[in-house]
Every structure is written in structure tokens, then in C-alpha cells.
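Novice: This structure is in C-alpha cells; I'll ask about it shortly.
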Amino acid sequence: MYVDVQELRNFYYRSTLGRAVQKTVRAQIADVWPEAKGQTVVGFGFAVPFLRPYLADARRTIALMPGPQGVIAWPQKMPNISVLCEETLWPVDTGQVDKLLVIHGLEASERPADLLDECWRVLGPGGSALFVVPNRAGLWSRSDRTPFGSGRPYSQTQLETLLKSHNFLPERHMTTLYQPPSSRRFWRKTAGMWERLGGNLSMIAAGGVLMVEATKRVQAPLGPGLRVRARVRSPLEALAPKPEPMVGPV
């Protein structure tokens, strides 16, 4: 079930905790995608807090927001790039997306298989998709104070298995949000420390958000050529001995 777009906006833009999440997750995304010059960048779900770094250099940036969630105009004081769309029917041409960010989308969908099929359709050859979901083992998926406490959390194995079953090839994974999902002053002041220590503490405390970068896997077509090669493996009739002619009464 999707979180209402007004709740998402209030969390990311009007709360201290949401701004901290925006800063931390955006930094992790920037490590994966440092730039997108001349590329088409698409976000699905509620990706607008994390698309801003690509507005200047990307050839085109689109923020797709599913109908059950709702839509807001974005960015402010600039031409709108937000689009309200069907969850599994996007107004994007096949194979035209270079970078696809899915956040607050996959875990909320009641049709994740169909959603992934649509992601696969729009992603171009050599393109990269980044799926951001609540980490099943983290604290954030257990707290309903944030959007990451809604929907279906995933483990790394679960997410990568799901992606492989829909012809995605997982390339790398990472976790972030090691800070507790609390607005208390102590945790906000020490948030940076928890994120820096997160990698070393991963055996003890899991990050609240799981990210998996994946590429599009295209299987080799089974065309006539394969059938021809299969026939070549059989003995050639031309080399078989000719049968003796039958002689009968005239």
C-alpha cells in the first residue's frame, strides 16, 4: 500500500528526520551515480528528493508518481517534471531510460512482478536501475514514524532473487541509514557518526535502507539459426549409401 504523497512531502521537506534521510540516502545514490550528463533519468515512486542533483546535466529528468500515491508538482519555481501515471503503465518509450531510480515504489506495490516488468521495458541497453527498499533486518522497517515502515521490507537475498526472476542482473548492493529512526536531539546530533560507523557495525546493526543496482539482462534469441545448427549435427543424407535398385519382372 502506497503512502500518501502529502505524507511523503511533509516527511522529507518539513521534518528534521526526513531531511536527514534525504541527505544520507542522496549521498549514497551519488556514490553509485556520480553524474548523468546527457542521459535520461527517471524516478518512480517518490524519488523527487533524490533527483535534484541530475536536473542540471541530464538530457531529461522525469518523476513518475503512481496513482494510489498521488502526485505533487516538482521542482518548485521550475518547469514541472512530475507525472501521475498507472503503476504498471508508464508514459515512457521502451528502452529509452539510462538511469532508473525506484524508491517508495517496489515495497508498496501490490503487483511487484508487473512493476518490475515495466521497469525492464523502459530501461535501455547499458542502463542502470537502482532499487531502494526498506531493509528487513533494519530498525527503520519496524517504525511507522517514517515511510520506510510501510509496505513490504526486503532482505538482500529476497530482492536480488526477485530481480533475477525478472531478467535483471544485480551488479552491487549497499545499505545506509544506520542512525536510529528518531527525531530526538541526541540521535540527530550524532547521526553523522552512526553513518560513518555503519560499515564497521554491519555485523551488529543493519542499515535501515537496502539498495541494489541492477542492469538489464537480454537473453539470446532462439532463432532459425539454432535449428539449422541442430540439423547440421545429424548425418548428411548425401553421404549415405544409395540403395540398390530393385529389379522385378518386366
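Novice: Considering amide H positions built from the backbone, and no H for Pro or chain starts, which residues 5 or more places from Thr61, or on another chain, come under 5 Å of its amide H?
Specialist: Hits under the 5 Å cutoff: Val41.
Novice: Can you return the lysines within cross-link range of Lys99? Criterion is Cα-Cα under 16 Å, with same-chain partners fewer than 8 residues away left out.
Specialist: Lys37, Lys216
Novice: While we're on this one: So what J values fall out for the range 111-126 if you push phi through Karplus, 6.51 cos²θ - 1.76 cosθ + 1.60 with θ = phi - 60°, rounded to Hz, Gly and Pro as x?
Specialist: Listing the rounded values in order: 10, x, 5, 5, 5, 5, 4, 6, 4, 5, 4, 7, 6, x, x, x Hz.
Novice: Restrict the search to the range 3-95; then list the GluC sites (Glu not before Pro) that DSSP places in a loop and that have at most 14 other Cβ atoms within 10 Å of their Cβ.
Specialist: Those that pass, being in a loop and sparsely packed, are Glu35.
Novice: Amide H of Ala137 versus every other amide H placed in the peptide plane: which residues, excluding those fewer than 5 positions away on the same chain, fall under 5 Å?
Specialist: Amide H neighbours of Ala137, under 5 Å, 5+ apart: none.
Novice: Turning to a different aspect of this structure: Evaluate the charge dipole of the range 5-219 about its Cα centre and quote only its size in Debye, nearest 20, assuming +1 on the Cβ of each Lys and Arg and -1 on the Cβ of each Asp and Glu.
Specialist: It comes to approximately 960 debye.
Novice: A follow-up question, please. Please give the net charge around Trp74, taking every other residue with its beta carbon less than 11 angstrom from that of Trp74, where Lys and Arg add +1 and Asp and Glu add -1.
Specialist: Summing Lys/Arg as +1 and Asp/Glu as -1 gives +3.
Novice: Step through the residues of the range 45-50 one at a time and calculate ³J(HN,Hα) from phi using the Karplus curve (6.51 cos²θ - 1.76 cosθ + 1.60, θ = phi - 60°), rounding each to whole Hz and writing x for Gly and Pro.
Specialist: Couplings: x, 10, 9, 4, x, 10 Hz.
Values quoted throughout were computed directly from the atomic coordinates according to the rules given, and no laboratory measurement underlies them. Keep in mind it's a predicted model, so treat the numbers as computed, not measured. For neighbour counting, all protein chains shown are included, and Cβ atoms are generated from backbone atoms with ideal geometry for every residue, glycine included.
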